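To start, the structure under review is shown below, and the notes come after it.
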Amino acid sequence: MSNPQFTLVSIGEALFDVFADHRQLGGAPLNLALCADQLLGPHGGQAVIVSRIGQDAPGNEMLDALRQRGLCVDYLQSDPDRPTGSVLVDLDAGGQPTFNILPGGAWDVIQFDPDLESLARRADAVAFGTLAQRDAQSRNTIYRLLDAARRAVRLFDVNLRQDDIDRRVIQRSCESASIVKLNEQELPRIINLLGLDGEGDDAAEVLRKRFKLEMVALTRGARGTRLFTSAGIVDGAAASYPPAQGADAVGAGDACAAGLLAARLLRRPKQQIADLANRCGAFVASQPGGTPQLPQTLIESV
């Protein structure tokens, strides 16, 4: 799409999730971009992934797969020295994943350049997380992109994947965001890390007010998404889909964030934002892997 009406930028790790018997596209920002692009396409919008991959066979495989899916790869940088990133995924009996994130991937050194600055200035939304901030190079690129995208909706998906989270990263990310999305396990960790007080719903409201956020989106597993806004609390309608063979929970939270941002960009009411976030998360949780093709009925419900 050469001249999209609006653009959602998702920056961070683009990699392969490596399972016991196969590998597939992964990384929260890439999962989010692939889902959001399907939701926004019919409305004249597009999602863009900003990341970095190696000049290797996995990198070529990723480029081919993304082009087949119609996702813009103009900002997927190529690194001559580092490999395309990989994450080893282990699933428990219920399909819940644990991740072993291998070090030294190309996505740790995303570069800020004039093309990326131009993209940031025309972005309508930016999504970012914590994992790609583990290395100073990508972290600084994320901050520079956010600084250049001040007119955009900026979603910080906390998405903790490390035990040793830097308080300064969380602080600056919240300060740079207009929306913060996190789950019930992450909320008390973040509140404690930032030296704030509160539990449960009170904690989410404390976080929203402390950083003057448009909203806090709290994901609660099967109970769905709860939005905290200045106008009050909104609970998304429950959603479920029949599980496919080999279904797992990989990427469900990323799909939730994609639905939330897509509906927000289209200026849908808060209830519709929460409902779409629930449907997207529930559908991806009913499928194997984090990047399935969405059903037409879901796309048409935006």
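Just one residue in the set Ser176, Ser230 is surrounded by 15 or more Cβ atoms within 10 Å (Cβ to Cβ) and polar (S, T, N, Q); that residue is Ser176. Taking the criterion of being out of contact with any Ser or Thr (no Cβ under 9 Å at 6 or more places or on another chain), loosely packed, with under 14 Cβ neighbours inside 10 Å and farther than 17 Å from Leu276 by Cβ, the residues of segment 233-258 that qualify are Gln245, Gly246. Answer with yes or no whether Ile299 is among the β-branched types (Val, Ile, Thr), under 22 Å from Gly26 (Cα atoms) and surrounded by fewer than 24 Cβ atoms within 10 Å (Cβ to Cβ). Yes, satisfied.
Of Ser78, Ser118, all but one fail to be surrounded by fewer than 17 Cβ atoms within 10 Å (Cβ to Cβ), assigned to a strand (DSSP E or B) and either without any contact (Cβ under 8 Å) to a residue 40 or more places away in the chain or among the hydrophobic types (A, V, I, L, M, F, W, C) (or both); the exception is Ser78. In segment 95-115, of all residues being under 22 Å from Leu34 (Cα atoms) and charged (D, E, K, R), the one that is surrounded by the fewest Cβ atoms within 10 Å (Cβ to Cβ) corresponds to Asp115.
Condition check for Glu199 on (1) more than 24 Å from Leu91 (Cα to Cα); (2) of a type outside the set (Val, Ile, Thr); (3) in contact with a Pro (Cβ under 6 Å, 6 or more places away or on another chain): one failure, at (3). Restricting segment 22-41 to residues that are out of contact with any Asp or Glu (no Cβ under 8 Å at 6 or more places or on another chain) and in a helix (DSSP H, G or I) leaves a set whose member that is surrounded by the most Cβ atoms within 10 Å (Cβ to Cβ) is Ala33. When Leu276, Leu261, Leu213, Leu218 are screened for being assigned to a strand (DSSP E or B), surrounded by 20 or more Cβ atoms within 10 Å (Cβ to Cβ) and either of a type outside the set (Phe, Trp, Tyr) or on the phi > 0 side of the Ramachandran plot (or both), only Leu218 passes. Comparison of Ala252, Ala257 shows that the only residue that is free of Cβ contacts under 8 Å to residues at least 60 places away in the same chain and not polar (S, T, N, Q) is Ala252. One residue alone among Asp64, Asp92 is modelled with pLDDT under 95 and loosely packed, with under 12 Cβ neighbours inside 10 Å, and that residue is Asp92. All conditions in (1) out of contact with any Ser or Thr (no Cβ under 8 Å at 6 or more places or on another chain); (2) more than 30 Å from Leu91 (Cβ to Cβ) hold for Met215, with the sole exception of (1). Applying the set (1) farther than 29 Å from Ala285 by Cβ; (2) basic (Lys, Arg); (3) assigned to a strand (DSSP E or B) to Lys181 leaves exactly one unmet item: (1).
The values are calculated or read from the model by the stated rules, or taken from the named source; none is laboratory data. Please read all numbers here as calculations on a predicted model, not as lab measurements. Cβ: placed from backbone, ideal geometry, glycine included. Neighbour counts: every protein chain shown.
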